[in-house]
Amino acid sequence: MTNNPIFVATHPRACSTAFERVFMTQRDTLQTIHEPFGDAFYYGPERMGSRFEGDEKAREQSGFAQSTFKTILERIEREAAEV
């Protein structure tokens, strides 16, 4: 068996949570990472979202203020190697 990551994306309101929960029932063969890029998107130095643009304190307190898209990819690769 290979440990290659599988990236699944859906559009909003597409029952994606139910789909993800099906994956989560297979914990012996699959590892699920819920919305991993959200950390970098909303909180990190490369952030693209404007949700916390005017609230630096909340961004720092999130614990993800240093998350970049590269560190997220590295985390996915690291966790895939651990399975």
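Annotations for the structure displayed:
- Residue within region 58-65 that is touching a helix residue (DSSP H, G or I) at 6+ places or on another chain (Cβ under 9 Å) and assigned to a helix (DSSP H, G or I) present: yes
- Pairs are defined by a Cβ separation below 8 Å, a sequence spacing of at least 6 or placement on different chains, a first member in region 17-41 that is within 19 Å of residue 65 (Cα to Cα) and at pLDDT 90 or above, and a second member that is assigned to a loop (DSSP other than H, G, I, E, B) and of a type in the set (A, V, I, L, M, F, W, C); the pairs so defined are 39/64; 40/64; 41/48.
- Any hit, region 67-80, residues being at negative phi, of a type outside the set (Val, Ile, Thr) and in a loop (DSSP other than H, G, I, E, B): yes
- Every residue from region 9-34 that is surrounded by 10 or more Cβ atoms within 10 Å (Cβ to Cβ) and either within 17 Å of residue 72 (Cβ to Cβ) or of a type in the set (D, E, K, R) (or both): 20, 21, 31, 32, 33
- Check on residue 79, over 14 Å from the mean Cα position of the chain (by Cα) and more than 18 Å from residue 9 (Cα to Cα): no
- Restricting attention to region 35-48 and to residues that are in a loop (DSSP other than H, G, I, E, B) and of a type outside the set (Gly, Ala, Ser), the residue that is surrounded by the most Cβ atoms within 10 Å (Cβ to Cβ) turns out to be 43.
Every residue, every condition in (1) touching a Lys or Arg at 6+ places or on another chain (Cβ under 9 Å); (2) among the acidic types (Asp, Glu), yes or no:
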| position | (1), (2) |
| --- | --- |
| 38 | no, no |
| 52 | yes, no |
| 74 | no, yes |
| 77 | no, yes |
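The values are calculated or read from the model by the stated rules, or taken from the named source; none is laboratory data. Because the structure is predicted, anything quoted here is derived from the model rather than measured. For neighbour counting, all protein chains shown are included, and Cβ atoms are generated from backbone atoms with ideal geometry for every residue, glycine included.
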